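Scroll down for the structure; my scribbles are underneath it.
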Amino acid sequence: MSDEVRTSYAVRVSRAQDRWTVDLLAEDAGDELPVLERALGDPGAGDWPPPFVVVVDSRLYFVVLRHGPGGMVRALISDATMLEWVLAAEVVERYGIGVDTDGAFDDDESGWPGGDLHVFADDGLPHDELRAIVTADDLWADEMVERIAQRLGFADELAATVAS
């Protein structure tokens, strides 16, 4: 096995007590949105906090999907301006994530996150800390996901799963 990490992948992350499990769903981010939603499992399964799916697409953006109250799916996209990518466009459309492409970019032409920045609050990662990670101009999407994994405590499991 090589020490290289995939630049695109989809994983399902779950936690039972203090033990994290990371399962590889796809070796690339080409899966359709309904497939990723089904990977979340039954919204009434009783797991709390519920499992989530993370998709990193070509290191350019990532998506998080997770069941919320009443079984609705909560969604976060690290850069809502990536509409030329099929998965990004599907997520933005399906979950009603607003995109103002005219005012979307800051001075260095970086996009901005969209959707539910509270998606990891039940795991101990509040909105403000998550926003700081996903708006960091010096990080690729996979590096943002690594920071989130470090902060939540599943970095070793993620690294082992996405090593190619």
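Observations on the structure shown:
- Along its principal axes, the stretch 120-159 has C-alpha extents of 25, 22, 9 angstrom, given from the largest down.
- Percent of Cα pairs exceeding the 24 Å cut-off, where the set is the stretch 9-162: 26 percent
- Descending Cα extents along the principal axes, the stretch 25-98, whole Å: 36, 29, 17
- With neighbours defined as other Cβ atoms within 10 Å of a residue's Cβ, the residues ILE133, ILE77 order from fewest to most as ILE133, ILE77.
Read-outs: derived from the displayed coordinates by stated rules, not from any lab. Computed from a predicted model, the values in this text were never measured in an experiment. With ideal geometry, Cβ positions are generated from the backbone for all residues, glycine too; neighbour counts draw on all protein chains shown.
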